[in-house]
Amino acid sequence: MFFSGIEQAPADPILGLTEAFRKDPRPNKVNLGVGVFMDDKGTTPALECVKRAERLLWEAEKTKGYLPISGSAEYGEAVAELVFGADFHGLASNGVAIAQAPGGTGALRIGAEFLKHFRRDATVWMPAPTWDNHKGVFGAAGCPVKEYPYYDPSTRGVDIGAMCAALEKIPAGDVVLLHVCCHNPTGADPDAAGWARVADVAARAGWLPFFDFAYQGFGDGLEADRAGLLAVLHKAPEAIVATSFSKNMGLYGERVGSLALVAENGKSAGAAMSQVKRIIRTLYSNPPRHGAALVRTVLEDADLRERWLQELDAMRARIAGNRQKLVSGLARRIEDLDFSFIVRQKGMFSFSGLADAQVDFLREQKAIYMVKGGRINVAGLMAESLDYVCDSIAESLKI
Ligand code: PMP
């Protein structure tokens, strides 16, 4: 028989953990593994700006007809302005072409397929470590994948010297994946001086930057978070950018993101986008309309946009507060280790520095779930679980 000869696939390292968490009957269980924002009740609520947009849309929407292959043009315009800033030179020159995409993952995959067609032999270089699915997505499209040095466990930051030295040697025909902000899983981003160095190398070496911008607004704010992207685009003429509204607008399951191509001029951008559309047509024909309509409504309506900024600020403040509480909770219990690096990390994740043995102990003995490698979702900490988590981490360090 055909199906009976097929073996069970291993569980996804991150989504599989959520599955195991759900099935865990222990009442004191804590999920620090999942990659979604949580409020202090442990829920991931729809944002109020989105609920209001949904109400407006319910009244105004007259059709459920197909969108164009590259999605809603109005959505694309609003998103390009958000991602690059209204005064980005590429917007005035039409050097930016943008397609709606089903989430950040969808955008990455379309970009990967595009590379496979038009830069057939290009290797895609990724930071070590990176989001687990990056290798899966590019690998599935048939792109050879390699790593460049990124994280330095001794400083808990970016090893910008080693990173730039490696980027300098990457051939012009290759592609370099860069997390714009809130690096997943480490929470370590280059500072302004670091980005300036990356920009210089990009201009000199001539490889194509491929930006993953999945957390705009989760680091220091919508504008501050694009600084690295703009620093590189200021010097490098071309890039691919994948974005997502999963986190910053809480639209996870609506699957809404974008793929932007930054070209030297409008003619090149238009031709490249026409090829992206051919790729999309054979992958899923055209994107889902609801999530993009919500984003467009929020971005275009001044009140809703203001509301969104407030809600985004509140998410960022909760994460920053949790970082502080975790650091002081651990400092009270563990004298010989300094966890203050946790407050310096950006975004939802913290690379805790816990070894796999500790991660296993915490899951098996304490029902505290985190990703192998010690990645913690800081938003997963609740007021009532904080002491328990700090006590348990302290205990895990003694095993
Ligand atoms: N890139 C990174 C770095 C991510 O962390 C994620 C989500 N975990 C994505 C892309 C994909 O996001 P989406 O859910 O929008 O597909």
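Computed from the coordinates by the stated procedures, all read-outs in this text should not be read as laboratory data. Every value quoted in this text rests on a predicted model; they were computed, and no experiment measured them. Using ideal geometry, Cβ is built from the backbone for each residue, glycine included, and neighbour counts are taken over all protein chains shown.
A few comments on the model shown:
- Straight-line cross-link reach from residue 267 at under 23 Å between alpha-carbon atoms covers these lysines, not counting any fewer than eight positions away in the same chain: 116, 235, 277.
- Cα-derived Rg over Rh, computed across the stretch 1-44 with Rh taken as Kirkwood radius: 1.17
- Listed by chain and number, the lysines whose C-alpha is less than 29 Å from the C-alpha of residue 325, apart from same-chain residues fewer than 8 away, are 23, 29, 41, 247, 346, 366, 372, 398.
- Estimated purely from DSSP H runs of n ≥ 4, each contributing -39500 (n - 2.57), the mean residue ellipticity at 222 nm for the chain is -14500 deg cm²/dmol once divided by its residues.
- In this calculation the C-beta distance from residue 8 to residue 397 is compared with R0 = 30 Å, giving a FRET efficiency of 0.30.
- Compactness of the chain as Cα Rg over 2.2 N^0.38 Å, two decimals: 1.00
- Mean Cβ neighbour count within 10 Å, used as a protection proxy, ranking 333-345, 371-383 highest first: 371-383, 333-345
- Building the convex hull from the alpha-carbon atoms of the stretch 190-273 and averaging its projection over directions returns 6.0 nm².
- With the gyration tensor restricted to C-alpha atoms of the stretch 29-75, the semi-axes of the equivalent ellipsoid amount to 32, 16, 8 Å, longest first.
- Label-point gap, in nm, between residue 328 and residue 118 - each point 7 angstrom along Cα→Cβ: 5.2
- Value of Rg/Rh across the stretch 253-399 [Cα atoms, Kirkwood radius]: 1.14
- Over the stretch 36-143, Cα pairs under 8 Å with separation of 6+ residues give a relative contact order of 20 percent.
- Of the peptides 179-192, 76-89, 22-35, the order by per-residue mean of other Cβ atoms within 10 Å, starting with the highest, comes out as 179-192, 76-89, 22-35.
- If only the Cβ of Lys and Arg carry +1 and only the Cβ of Asp and Glu carry -1, the dipole of the stretch 278-372 around its Cα centre is close to 300 debye.
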